[in-house]
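See below for the structure under consideration.
The values are calculated or read from the model by the stated rules, or taken from the named source; none is laboratory data. Predicted, not measured: the structure shown is a model, and the values here were computed from it. Virtual Cβ from ideal backbone geometry, glycine too; neighbours counted across all protein chains shown.
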Amino acid sequence: MLNLIINKMKKTSMIIVCAMFLFSNMIAQNAKLELEKAQKSGKSIFLVVSTKTSVNTESLQKLAVDASKKAKSIAIIKIDRDDKANSEIISKYRLAGVQLPMILVLASNGVASGGLTNNDASVEKLLTYIPTKTQADVLLGFENGKPALIVCGKKNAKDKSTIEAECKKAALSMGGKATQVFLDVESKNEANFLALLKPDVTKTTVLVFNGKGQYTGTLESTAKSNDLITSINKKIGGCCPSGSSSGCGKK
């Protein structure tokens with residue numbers, strides 16, 4: 001009789017352990033699925049990262065909610081860094097050793113544009129970290145080690161097509177391993193990226209960045225493909241890690 005009771009207790013314990021594992025795994029899978037769902041919907045993401053011992057996580061999460069009300073298409077997702085089931089996300093965004101809690105801002109293409117903790121977070125600052133579509137494309141290129149040629153100007157400028165053709169030549173000569181984009185200086189949707197780059201809005205220019213996200217120079221619209229390649233290959237000191245909002249701005 002005693003053995004029967006013990007066996008039942010063991011079975012019950014095993015069921016509880018399995019249920020806890022499945023529940024934990026389901027939560028982690030939900031976080032991953034929520035990320036994928038938000039990205040497919042074209043939403044930027046406020047990823048609130050914390051642990052069970054993190055202090056003031058609630059206040060940081062409230063800040064994310066307040067900021068999301070002032071922006072378009074934002075998803076807020078919370079994950080626990082200590083949950084092993086989240087290890088793929090933690091590893092991808094290199095969150096193992098960062099100060100927590102943190103809000104990591106992600107573009108709809110999955111690239112990170114920056115992170116804020118309680119020490120430096122505010123609604124206004126968080127809003128500036130939301131990457132524009134063009135910025136997200138450039139940051140994704142940096143993540144893959146690609147330099148960037150950012151043509152800045154008005155979309156109806158006469159010299160726009162000429163310099164874009166030279167940028168295309170430069171990119172092709174590098175085996176297509178360069179990100180080429182046009183940034184409309186009159187676009188309200190690109191306000192955050194324009195504020196970061198601060199291009200000359202009175203004329204068409206090309207802002208050049210190497211594959212590490214380091215700014216190497218600004219060229220006029222008369223520049224040739226060889227000039228662009230020379231600027232990309234210019235030796236620059238210091239290090240600008242890709243995936244950070246500061247990694248794509250003029251110094």
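Quick look at the values:
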{"quantity": "Residue list for the stretch 197-218, filter: within 22 Å of GLU124 (Cβ to Cβ) and either surrounded by fewer than 19 Cβ atoms within 10 Å (Cβ to Cβ) or of a type in the set (Phe, Trp, Tyr) (or both)", "calculated": "LYS198"}
{"quantity": "Residue match in the stretch 150-157 (condition: of a type outside the set (Lys, Arg), within 17 Å of the chain's Cα centre (by Cα) and either closer than 17 Å to ALA71 by Cα or surrounded by fewer than 20 Cβ atoms within 10 Å (Cβ to Cβ) (or both))", "calculated": "no"}
{"quantity": "Residue selected from the stretch 219-231 under the condition in a loop (DSSP other than H, G, I, E, B) and touching a strand residue (DSSP E or B) at 6+ places or on another chain (Cβ under 9 Å), by the criterion surrounded by the most Cβ atoms within 10 Å (Cβ to Cβ)", "calculated": "ALA223"}
{"quantity": "For PHE21: the one exception among (1) at pLDDT below 90; (2) in a strand (DSSP E or B); (3) among the aromatic types (Phe, Trp, Tyr)", "calculated": "(2)"}
{"quantity": "Qualifying residue in the stretch 199-211 (condition: modelled with pLDDT under 95, charged (D, E, K, R) and closer than 25 Å to SER113 by Cβ)", "calculated": "no"}
{"quantity": "Answer residue from the stretch 226-251, given it is at pLDDT 95 or above and polar (S, T, N, Q) and is nearest to the chain's Cα centre (by Cα) among those", "calculated": "SER231"}
{"quantity": "Looking only at the stretch 45-60, and only at residues there that are of a type outside the set (Ser, Thr, Tyr) and surrounded by fewer than 17 Cβ atoms within 10 Å (Cβ to Cβ), the one that is farthest from GLU190 (Cα to Cα)", "calculated": "LYS52"}
